[in-house]
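First the structure, in the form of structure tokens, and then the observations on it.
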Amino acid sequence: MRLRTMKIFTGVFVTFTGLQYHYADSNESWEEVDFNETTIDLLSLQDGNTSMLNQVELPAGVIDHVRFKLNTKKCYVILSGDINETMFVPSGEQTGYKAIGSFTIPAGGTVNVTADFDLRKSVKLTGNDQSVSSKYILRPTIKIVDNIQVGEINGTVTADINGTSQAILYAYSDDTWDDNETNATNNFSNAVVSTDATDGEFTLPWLTTGTYDLVLVENNVNGEFEAVLGFINNVGVEADTTTTIDINDTTLP
């Protein structure tokens, strides 16, 4: 399990109690696995860091759906100043926290999968009020990837931004970007991954093999979009390989 994050939180805690899964060729209902209740600070899982949730033995086959079981009473965020705010998980008690992605369990073999969070998509405020009295919602935007099918992009960023601003880097599957991504309704919702590159370095791990377009944007101190700084197109990713990109004024169109 790992994530990509946003800056307004000092902690994002989610408590897992098990998971539910479904085989692609099965007409049976969901199967369940329970494990010891585990609370994880998702902010500790950045730049490729992971935390093991559990190991289970399952029959061979293609699992096409996964849902995580949560203790929704123990899901919360911590804001600067040690302010604790509960996160609301819609339908969390009834249907669990739904994930996107499938994977194959080989006969007589093993598979390692990663549950990939992007907090820019996963944690939302209800309404536009940025005060601590606002409620936070944990939305089901988690992605499941098979670890043998992924690579990563990393590198450096030299961007001309305000000293209090953030440089955020988004990755889109090839040719899926359009200008509507920057509006308040879309809010970069079609990005595959994102990461904070304000400190001049970035890592975009757990990318499935393919070609990606990178979009560098400037956000203000509140994490709100300000401007698109430029694009790096046609960045290839291969399995178990790191692609290195240095982003500066000469590489940004």
List the pairs from Lys69/Lys98; Lys121/Lys143; Lys69/Lys124; Lys73/Lys135; Lys74/Lys135 whose alpha-carbon separation is above 18 Å, in the order I gave them. Lys69/Lys124
Counting only residues 5 or more apart in sequence or on a different chain, those whose built amide H sits under 5 Å from that of Gly230 are Leu216
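Magnitude of the Cβ-charge dipole of the chain, K/R +1 and D/E -1, about the Cα centre, nearest 20 debye?
On the way: 14 positive and 35 negative charges, 180 e Å.
It comes to approximately 860 debye.
Any idea what the dipole of the range 142-248 comes to, in debye rounded to 20, about its Cα centre with Lys/Arg Cβ at +1 and Asp/Glu Cβ at -1?
On the way: 1 positive and 18 negative charges, 36 e Å.
In total the dipole reaches around 180 debye.
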Can you find, among Asn54, Ile83, Thr95, the residue sitting farthest towards the positive end of the charge dipole of the range 44-101, where Lys and Arg contribute +1 and Asp and Glu -1 at Cβ? Thr95
Packing-based order for 236-242, 226-232, 208-214, using average beta carbon neighbours within 10 Å, highest first: 208-214, 226-232, 236-242
By the Cα gyration tensor axes a ≥ b ≥ c (a/c under 1.5 gives rounded; else a/b larger than b/c gives prolate, otherwise oblate), the shape of the range 150-247 is oblate
A student applying the Cα gyration tensor rule (rounded when a/c is under 1.5; otherwise prolate if a/b is larger than b/c, oblate if not) would label the range 2-140 prolate
Using only alpha carbon pairs under 8 Å that are at least six residues apart, calculate the relative contact order of the range 153-206 and give it in whole percent. 51 percent
Alpha carbon centroid spacing (whole Å) that separates the range 15-82 from the range 149-183: 28 Å
Taking 1 over the mean of 1/r across every pair of different Cα atoms in the chain, what Kirkwood radius in Å do you get? 19.3 Å
Over the range 2-140, what is the relative contact order in whole percent, taking alpha-carbon pairs under 8 Å and six or more residues apart? 29 percent
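Readers should treat all values here as calculations from the given coordinates under stated rules, not as data from a laboratory. The structure displayed is predicted, hence computed values, not measured ones. Cβ atoms come from the backbone with ideal geometry, glycine included; neighbour counts cover every protein chain shown.
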